[in-house]
Amino acid sequence: MDGFSVEFGQKLQAYAQELERSALPNLKTSFRNFTSIYVAFLDVLKKKGLLTEDPYEYDTKISEITPITNDPFIESQKTTVLSIRLHSFRNQLNFLNDFYQFSLDFLSLTRLKSLSQFNRFVRWDSLTETNSETNTRLVAEVASRIRKGDDVSTGLINDMLGQLATYQAKIFEDLKKITFYKREEYKSLIRTTFWEELRLSPEEWAGNSDNVQLRIRKEFANHVKGQPFIPELIKELLDEDLTSAGSTLKEELLGKLTVTSTIKEKPKQVIDYKALVLEAVRTLASLNIPLEAAVKKLKTNTLVIEDDRLTVGKRFRRWLASLVGIKPKPRMYEIETYDVSSGSTKTETIDFEKFTEDVMTRTRILVNLANRASPQFQAMSQKAEPEILETFDRYFLDLTKFNERFVGLDVYFKTESPKEKRAHIRGIKAEISQVKTTLANANKLKHEYVAAREEQEQLKKLGISLNP
């Protein structure tokens, strides 16, 4: 084995270790953060009536990441096509976060190519209505309609789009590093299996390249199993070993694989702990949209049930009571909720009006916290970390309880309404799922903050500081 092969093998191994330490965890985190913002973005579109519910949402079975089509379509199908594509992208993002393996063994060149194409679904950094790519142009059009409004959604959508572009760029950056490694790993596999046995010469490659390619393909099939034959990478090997530019190419390759100057010796980054916990709060804040949507549907369901129960006489008495300022009796519904502590269901009677008002009160708070430029968010950012964390825990507990009651109410309206009225009952399964997913993402961010703080405190006791 020559000197290049030895040094190449050592540097390739060191580069792999660095990827496992940094790029792979960063990629997973970027996808998770991107997903949280993207789900909130979809919620804004639904709230504005620019997006319909996905009819295939609960029938989708995903085993691999596949790029979203960018094909053109008939103008009359615009809303339907956009809804299907945006939801398909979200469903695959959820699969990535919940089941995908972010490891060098799992991420083959084929999977990396699919991930890169999948990440190009929308060009968030060039979102214009004149973009040549269909999906980017579609999303730009609906985003523009929101931006033309004068409500809080305008600032919120601009913030979301900026963050989506940022995380997309981070994802591309890490995918590029991992793809570079997998390409060189592929070439290393060939070098260490049959390459030397070919005894290729520069003259043979220059004089009969087709015959050389046939020989290599034959030996590849005999020695390398479970890998595709990639002519582009075979040519790189031939250029490195059999051309006059080979020495230069090898030196450049070793330089790219060197991690001491490019990765390990980068300046220490100051960890902004407050930013970590604030991001957890902002993730919770994105729940304002599914919460509001769920309340609207539940109120509609209440009217369906009450309309069936009210006789003419009851309606007349209610009308008289309203004239003299007598408030109607509260709507009390007996629902079943799941008790996490005991692992069993329990029966609870809730005052529907009070419950929905509590949810909407919290929703109004969340709307303001979701926008970085709002006075409420600025005020939150001025608080001490323990106070912000306490706010997060309080909101998280309340929102979790809200969602448990949403589940109970969803079941109640579907089972207690008369059979002839059930077609008019609006389910909130999608909203419940969105709330559950966002709560899980927010909780992960909170635990990351807590873990980072605990590590900092432990190192501080040892006289080591993470921040310069």
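Among the listed pairs Lys47/Lys421; Lys297/Lys419; Lys46/Lys113, which have their C-alpha atoms separated by more than 23 angstrom in this model? Walk me through the numbers on the way to the answer.
Numbers: Lys47/Lys421 25 Å; Lys297/Lys419 18 Å; Lys46/Lys113 31 Å.
Over 23 Å Cα-Cα: Lys47/Lys421; Lys46/Lys113.
Which whole-number percent is the relative contact order of the chain (Cα, under 8 Å, 6+ apart)? Intermediate results must be reported in sequence, preceding the final value.
Numbers: 428 pairs, mean separation 85.0, N = 468.
Reported relative contact order: 18 percent.
Going by the alpha-carbon gyration tensor, a ≥ b ≥ c the square roots of its eigenvalues, is segment 1-95 rounded (a/c under 1.5) or, if a/c is not under 1.5, prolate (a/b greater than b/c) versus oblate?
On the way: a/c = 3.60, a/b = 2.57, b/c = 1.40.
In terms of gyration-tensor shape, prolate.
How far apart, in nanometres, would the label points at Phe180 and Phe99 be if each is projected 7 angstrom from Cα along the Cα-to-Cβ direction?
It works out to 3.3 nm between the two label points.
For a Förster distance of 51 Å, can you work out the FRET efficiency between the beta-carbons of Glu129 and Met360, rounded to the nearest 0.05? Intermediate results must be reported in sequence, preceding the final value.
Working: r = 34 Å, r/R0 = 0.68.
Working from the Cβ atoms, E equals 0.90.
On a full-extension model of 0.36 nm per residue, what is the gain between Val411 and Thr80, subtracting their alpha-carbon distance, rounded to one decimal in nm?
Numbers: separation 331, 0.36 × 331 = 119.16 nm, distance 2.85 nm.
Additional length available on full extension: 116.3 nm.
Run the reach check for Lys461 against lysines, Cα to Cα strictly under 27 Å, same-chain hits fewer than 8 apart removed. What comes back?
Once the sequence-local lysines are set aside, what remains near Lys461 is Lys264, Lys266, Lys268, Lys274, Lys383, Lys444, Lys446.
Using the 10 angstrom Cβ neighbour count as an exposure proxy, how do Val435, Val122, Val411 rank, fewest first? Could you put the intermediate results ahead of the total?
Values: Val435 22, Val122 28, Val411 14.
Least crowded to most crowded, the residues run Val411, Val435, Val122.
Cα convex hull of segment 3-264: how many Å³ per residue?
Numbers: hull volume 44.7 nm³, N = 262.
Cα convex hull per residue, to the nearest whole number: 171 Å³.
Please give, to one decimal in nm, the separation of the simple spin-label points placed at Ala206 and Asn222, each 7 Å out from Cα toward the Cβ.
Using points 7 Å along Cα→Cβ, the separation is 2.8 nm.
Give me the number: length gained by fully extending Thr69 to Thr400, i.e. 0.36 nm times residue separation minus the C-alpha to C-alpha distance, one decimal in nm.
Between Thr69 and Thr400, full extension yields 115.6 nm more.
Given the Cα-Cα distance of Leu214 and Ala169 and 0.36 nm per residue of separation, how much length would full extension add, in nm?
On the way: separation 45, 0.36 × 45 = 16.20 nm, distance 3.95 nm.
Additional length available on full extension: 12.3 nm.
Give the calculated FRET efficiency between Thr349 and Thr52 to the nearest 0.05, with a Förster radius of 30 Å applied to their Cβ-Cβ distance. Display every interim value, and only then the final one.
Working: r = 35 Å, r/R0 = 1.17.
Computed FRET efficiency for Thr349 and Thr52 comes out at 0.30.
How do Leu249, Leu19 rank when sorted from fewest to most other Cβ atoms within 10 Å of their own Cβ?
Final ranking by Cβ density, sparse to dense: Leu249, Leu19.
So if I place +1 on the C-beta of Lys and Arg and -1 on the C-beta of Asp and Glu, and nothing else carries charge, what would the dipole magnitude of the chain be about its Cα centre? I want it in debye, nearest 20.
Numbers: 71 positive and 67 negative charges, 409 e Å.
Roughly 1960 debye for the chain.
Relative to a virtual label point 7 Å from the Cα of Ser108 in the Cα→beta-carbon direction, which members of segment 199-243 show backbone nitrogen distances below 18 Å?
220-234
Putting +1 on Lys and Arg Cβ atoms and -1 on Asp and Glu Cβ atoms, find which of Ile271, Pro330, Ser83 reaches farthest to the positive end of the dipole of the chain.
Pro330
Only counting other Cβ atoms within 10 Å, I'd like Arg362, Arg405 sorted with the fewest neighbours first. Don't skip to the end; give the middle numbers.
Details: Arg362 18, Arg405 21.
The most exposed by this proxy come first: Arg362, Arg405.
So what's the gap between the Cα centers of segment 337-387 and segment 132-149, to the nearest angstrom?
Taking the Cα centre of each part, segment 337-387 and segment 132-149 sit 31 Å apart.
Measuring from label point to label point, each 7 Å out along Cα→Cβ, what is the Ala452 to Glu141 span in nm?
Label at Ala452, label at Glu141, 4.0 nm between them.
Relative to the longest principal Cα axis of the chain, at what angle does helix 78-99 sit, 0 to 90 degrees, rounded to 10?
That works out to roughly 70 degrees.
Across segment 364-377, in residue order, what do the Karplus-derived ³J(HN,Hα) couplings come to in whole Hz, using 6.51 cos²θ - 1.76 cosθ + 1.60 with θ = phi - 60° and x for Gly and Pro?
5, 5, 5, 3, 6, 6, 6, 9, 4, 8, 6, x, 5, 5
Restricting everything to alpha-carbon atoms, can you work out Rg to Rh for the chain with a Kirkwood hydrodynamic radius?
Numbers: Rg = 28.7 Å, Rh = 26.5 Å.
Reported Rg/Rh (Cα atoms, Kirkwood Rh): 1.08.
Only the coordinates and a few stated rules stand behind these numbers; no lab work does. Source: prediction; values computed, not measured. Please note: Cβ atoms are built from the backbone with ideal geometry, for glycine as well, and neighbour counts cover all protein chains shown.
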